[in-house]
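For reference, the structure discussed in these notes is given below.
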Amino acid sequence: MNKTSDNGNAIRVENLVKKFGDLTALKGVSFKVKKGDIVGYLGPNGAGKTTTIKLLTNLLSPTFGKVYINGINVNKNPQKALSYVGSLIEVPGIYGYLTPNELMTHFGKVYRMSSERITKRIKKVLSTVRLGDWEHKKIEEFSTGMKRRLAIGMALLPEPEILILDEPVMGLDPKGIKEIRELINKLGEKEITIFLSSHLLQEVSLTCNKVIFLFEGEIVAYDDVEKILEAPEHKRISVEFLNPLSKDEIDSLRSLKPIGKVKVEGNEAKIDNGGEKRHMHKILSLLVEEGLEVVSFNYEKKDLEDLYISLAGENE
Amino acid sequence: MRGKMTEVLDNIKSDFYDTYLSIKFELRKHYRRNRIQMAVVLALFLASVFYVVPTLWNMGLADTAEEFASTNLSFVNLLIIISGALFAGDVVSSEFENQTGLILFPTPQNHNSIFVGKYIASAMVTLSVVTIYYTVTAIEIQYIYGLFGIATEFIKSYLFSILYMFGAISLIFFFSSILKRSITSTLLGFFSLMMIFPIFEAVLTMVEVEPWFLLSYYEGFITDVLDGVVSTGFGPRSREFAAGFAPDFYHGIYVILGYTIFLFILGLYFANKRRME
């Protein structure tokens, strides 16, 4: 671990604004990532995830605001700041006429690794990403998934303190996705800070301990995954009726208090705002009073996907 | 104060090392893409064809070493342009177009060092190709006529071609830094020196304006320094365009130096300014 300290923050972003002509991709984004955290950066396409990551890695300059890696301003001292970072951004082009060994040897030197360490790390990393037999083969012979795994391997090569991954499982088959998920979890155990963007919410819930929701260039939530999922407002009631509800029945269901948003599909309804136990009994009584034929009545947590949709909806 | 000084020196040392890494990486890339091999074969072919073809067809060689050298060296310009376009044409633009910059740039390597390394690697390979061409030509002259009589002029031509090469590389590097597509920057680099500048030269000469500010105006010195022998016109183009004017040798050196330095700095500036959007 380096001696640089920023109150335990590996990444600190302050009021980040990025404009592309008339388009404002980021509208004053601020957050901190503590050392050792695995943070999922969630948002739909166009939310500003990749823009943030490009700003974190000095591929873009901010219109306004600052980015710090281990307390070092990325724009002012990118060399030092990025010496702590391994990154995978979008779908990088990889020099197809080179071999993984040639490519990694060069980048190992860039990170000031010794020749001996480079040789060891290449073997280790390629074996981790299941490319051990391909060390001396030209990359142009690789499939899309193999190239993706190689790019992840390159990010891991210097054993960075901070790993920044943009959609790491994109283009991977289910087996590859599982392996990357396990790899990220394993890295998390080593106290590596991981900041990963994704629109695959399920992936994030399985790998990250914290999550940032980004919507149209603004952060709409940032907390521990567990805390977010446990929060009463993020719980709901799932009700099954004997028959699909008629329009009148749906309207009467929606008019009930303290029922919040209601999503009806066939003979099932998901009722927001119902997570609080003190409301549950009341809601059940009201449903029965209305003559709705309730078959089952369950309390459940929203998954990140539902949560994201509701958070995004609140901001629209 | 001492600590600050040490830090500055360490940074300089680190930047030099980054440049060295960039040169090494670029040379490997050129080699793996067979570009170096292609350029060397082209240099060997062009340099030997003026001896091999007349000999095989019993056509008879030039009467003097100067004539032979002048004919042979009139293709140096073409070789420089081809090599320059091959090695510098996509050197910056391709990193953005092919998204390889997403791997190359977010690293602790100084961006200036990356681009300077790319420039130097292009110049090194082109210089090697030109040197091979001159070496083969020198061997031919020595074998047929004896090199001693024109050694000074021959070296002068070689040194001038190196200077011209740097001007050409800077121009092509500049195009690569400002243009989005590799094919556009490569072709523009190639055709600017092969056609566009010469056309401007011709037009300006026609309207009696001396095209002293055009790089290609001085390319003829590569052969003209061979003690008054004028290119026979076998090269990519004859010197007839500029017949009304006589380019000044020293003036030419300054103009080419201007192109080399100014366009290199400008290219570096724009390459650094570019972002992976």
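Just so it is clear, none of the values below were taken in a lab; they were calculated from the coordinates. Quantities reported herein were computed from a predicted structural model and do not represent experimental measurements. Quick reminder, even Gly has a Cβ in these numbers, built from the backbone with ideal geometry, and neighbours come from all protein chains shown.
Per-structure values
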{"read-out": "Calculated FRET efficiency for the pair A:MET170/A:ASN267, C-beta based, R₀ 30 Å, to 0.05", "value": "0.25"}
{"read-out": "Degrees, to the nearest 10: B:2-32 long Cα axis against longest axis of chain B", "value": "50"}
{"read-out": "Chain A: angle of helix A:144-156 to the longest principal axis, Cα-based, in degrees nearest 10", "value": "70"}
{"read-out": "For the stretch A:45-94: rounded, prolate or oblate by the Cα gyration tensor [a/c cutoff 1.5]", "value": "oblate"}
{"read-out": "Chain B: relative contact order in percent, alpha carbon pairs under 8 Å with at least 6 residues between", "value": "27"}
{"read-out": "Approximate spin-label separation A:ASN75-A:GLU289, in nm, with each point projected 7 Å along Cα-to-Cβ", "value": "5.9"}
{"read-out": "Efficiency of FRET from Cβ geometry, A:ASN15 and B:VAL207, R₀ 41 Å, rounded to 0.05", "value": "0.10"}
{"read-out": "Computed FRET value (nearest 0.05) for B:ILE155 with A:SER127, which takes r as the C-beta separation and R₀ as 51 Å", "value": "0.40"}
{"read-out": "Residue order, fewest to most beta carbons within 10 Å, for A:ASP166, B:ASP248", "value": "B:ASP248, A:ASP166"}
{"read-out": "Helix-derived mean residue ellipticity, 222 nm - over chain A, DSSP H n ≥ 4, -39500 (n - 2.57), to 500", "value": "-10500 deg cm²/dmol"}
{"read-out": "Relative contact order (%) - criterion: Cα under 8 Å, at least six apart; region: the stretch B:1-152", "value": "42"}
{"read-out": "On Cα atoms only, tilt of A:304-315 relative to the major axis of chain A in degrees", "value": "80"}
{"read-out": "Cα-Cα over 30 Å, subset of A:LYS27/A:LYS124; A:LYS124/B:LYS24; A:LYS49/B:LYS180; A:LYS34/B:LYS29; A:LYS227/A:LYS263", "value": "A:LYS27/A:LYS124; A:LYS34/B:LYS29"}
{"read-out": "Order of A:ASP306, A:ASP251 - criterion: other Cβ atoms within 10 Å of each residue's Cβ, fewest first", "value": "A:ASP251, A:ASP306"}
{"read-out": "Equivalent-ellipsoid semi-axes of chain B, from the Cα gyration tensor, Å, largest first", "value": "36, 21, 18"}
{"read-out": "Part-to-part distance (alpha-carbon centres) for the stretch A:1-75 and the stretch B:1-61, which is given in Å", "value": "39"}
{"read-out": "Solution diffusion estimate, µm²/s, Stokes-Einstein, the protein assembly as shown, Kirkwood Rh from C-alpha pairs, 20 °C, viscosity 1.002 mPa s", "value": "76"}
{"read-out": "Contact order normalised by residue count of chain A, Cα under 8 Å, 6+ apart, percent", "value": "19"}
{"read-out": "Whole-percent pair-distance distribution, where bins are 10 Å wide, for the alpha carbons of the stretch B:1-151", "value": "10, 30, 23, 17, 12, 6, 1, 0"}
{"read-out": "Calculated P(r) tail over 25 Å for chain A, as whole % of Cα pairs", "value": "57"}
{"read-out": "Whole-Å distance, taken between Cα centres, linking the stretch A:174-218 and the stretch B:108-171", "value": "53"}
{"read-out": "Chain B - mean residue ellipticity at 222 nm from DSSP helices (-39,500 (n - 2.57) per run, n ≥ 4, rounded to 500)", "value": "-23500 deg cm²/dmol"}
{"read-out": "Gap separating the Cα centres of the stretch A:104-154 and the stretch B:196-220, nearest whole Å", "value": "51"}
{"read-out": "Principal axis dimensions, the stretch A:113-205 - Cα atoms, whole angstrom, descending", "value": "38, 31, 17"}
{"read-out": "Sequence of B:TRP212, B:TRP57 once ranked by neighbouring C-beta atoms within 10 Å, starting from the fewest", "value": "B:TRP57, B:TRP212"}
{"read-out": "Residues whose placed amide H lies under 5 Å from that of A:GLY65, excluding near-sequence neighbours", "value": "A:VAL17"}
